[in-house]
Amino acid sequence: MGKLTMILGGARSGKSTYAEQLASQGGSRVTYIATAQGLDAEMTARIATHQNKRPTTWETLEIPLDVGKAFQARPTSADPDIVLLDCLTLLVANRVMQASADVDAPDERLATELVASEIEQLVAAIRAQPHDWIIVSNEVGLGLVPPYPLGRVYRDLLGWANQRLAAVADEVFFMIAGIPMRLTPLDQ
């Protein structure tokens with residue numbers, strides 16, 4: 001297993017920019033895994049902005065679901081030095097939405113199963129590969145409590161997913177106002 005770096009923070013905190021800087025410093029062959037789906041005009045525009053910022057030499061894989069399985073199943077003719085997953089936030093959202101068609105009555109059990117399976121497959125893929133990984137995710141538990149049931153299920157599952165990946169990460173950074181802060185557990 002290569003090194004796993006996790007970058008957490010709020011919206012527009014500089015997570016992706018910092019992750020891209022780390023990836024650029026970590027090797028010449030970067031595979032960027034994008035989990036966003038252009039389901040509306042705003043998201044399509046955000047995706048285009050992110051695409052235009054990335055170096056053209058980076059391989060981009062658009063994988064909204066089953067990231068671990070899809071990454072392990074891809075051709076390995078040009079293995080990367082660094083894999084950058086941006087972002088876990090949307091990967092979890094994709095799974096939660098898959099399980100819950102009704103925002104007022106989400107299927108919490110199914111959402112939990114789908115997210116847990118997705119995260120365990122991702123961890124297995126990370127452990128099975130020699131490359132370094134950088135994973136970007138939002139920390140959504142610091143703000144307001146979502147006013148609807150689906151939002152609360154999502155917040156809780158993303159918080160759990162962040163904890164699961166941070167527990168196996170070599171380094172975790174928290175971004176505030178574009179400033180990366182390295183997090184260190186108290187027992188270290």
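Rule-based calculations on the coordinates, nothing more; no lab input. Values in this document were obtained by computation on a predicted structure and should not be read as measured data. Neighbour counts run over all protein chains shown; Cβ positions are idealised from the backbone, glycine included.
General remarks:
- Residue-averaged [θ]222 nm for the chain, counting only DSSP H segments that reach four residues, each worth -39500 (n - 2.57): -14500 deg cm²/dmol
- Contour minus Cα-Cα distance for Arg109 and Leu61 (0.36 nm per residue): 14.3 nm
- Modelled spin-label separation between Met1 and Leu144, with each label point placed 7 Å from Cα along the Cα-to-Cβ direction: 3.8 nm.
- Label point distance in nm, Ala167-Ala101, each placed 7 Å from Cα along Cα→Cβ: 3.4
- Quarter of the Cα convex hull surface for the chain, i.e. its orientation-mean projected area (nm²): 11.1
- Cα-derived Rg over Rh, computed across the stretch 1-80 with Rh taken as Kirkwood radius: 0.95
- Straight-distance crosslink candidates among lysines, where the alpha carbon sits under 26 Å from Lys69 and sequence neighbours closer than 8 are dropped: Lys3, Lys15
- Between the stretch 119-188 and the stretch 1-46, the C-alpha centres lie 13 angstrom from each other.
- Sequence-separation-based contact order of the chain, relative, with Cα cut under 8 Å and 6+ spacing, percent: 37
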